[in-house]
Structures are given as C-alpha cells and as structure tokens.
1. Hey, could you check segment 27-58 for residues that are free of Cβ contacts under 8 Å to residues at least 24 places away in the same chain and aliphatic (A, V, I, L, M) and say which is surrounded by the fewest Cβ atoms within 10 Å (Cβ to Cβ)?
2. Tally up the residues in segment 52-71 that are in a helix (DSSP H, G or I) and basic (K, R), please.
3. As an exercise: evaluate A82 against (1) small (G, A, S); (2) at pLDDT below 95; (3) surrounded by 10 or more Cβ atoms within 10 Å (Cβ to Cβ) and give the number of the one condition it does not meet.
4. For segment 28-51: of the residues being among the polar types (S, T, N, Q) and either within 11 Å of the chain's Cα centre (by Cα) or not in a helix (DSSP H, G or I) (or both), which is modelled with the lowest pLDDT?
Amino acid sequence: MKEIVNSEILRLMPIQAHYPGMTNQLLSTKEVAEWLQVSQAWVTSHANGNRRPHLPSVKLGKCVRFCREDIEKFIQQCEREAAA
C-alpha cells in the first residue's frame with residue numbers, strides 16, 4: 001500500500017521535481033482534453049493534422065504527447081484569432 005501511495009504522489013508532482021533541469025512537462029491526450037474541455041477525439045484529430053487549428057504534439061513511437069508550453073501558446077493564439 002505504501003508503494004502505491006508513493007507512486008501516486010510522484011505522479012502528481014510536477015516533472016521539474018523529478019528532473020530539475022527539465023522545464024517542460026509532457027501531457028497525454030486525456031490530460032490535454034480535460035484541460036481544454038474537449039473530447040480526446042478532438043485532441044487527436046487536431047494533433048494529427050486532420051482538423052484546424054493544428055494542435056502541436058510530439059510523437060514518441062505509438063504515443064502522442066503534448067508540451068505544456070506549446071498548449072499554452074496554442075490557447076493564446078486561439079484567443080488572438082477570436083479577438084481579431
């Protein structure tokens with residue numbers, strides 16, 4: 001039980017706590033979907049280029065991950081386009 005609690009605590013800690021030199025956290029499709037309040041299918045289709053606006057992503061083998069900073073920039077770009 002103690003191992004489960006420790007692994008859960010480590011999972012919830014920012015990536016910088018695990019790797020002090022790393023400043024950018026990689027997020028899963030599910031995490032990005034929850035953050036943007038859209039479906040995982042929406043995230044996937046915008047990340048693979050099928051839909052616009054293109055959501056920047058990183059392909060790691062079969063896994064797709066998203067840099068937190070890139071998603072923050074994506075949100076800012078969408079805000080500017082809507083305000084223009």
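1. This residue is A41.
2. The total comes to 1.
3. A82 satisfies every listed condition except (3).
4. Step by step, filter segment 28-51, then rank; the result is N50.
The values are calculated or read from the model by the stated rules, or taken from the named source; none is laboratory data. Values in this document were obtained by computation on a predicted structure and should not be read as measured data. When we count neighbours, we look across all protein chains shown, and the Cβ atoms used for this are built from the backbone with ideal geometry, even at glycine.
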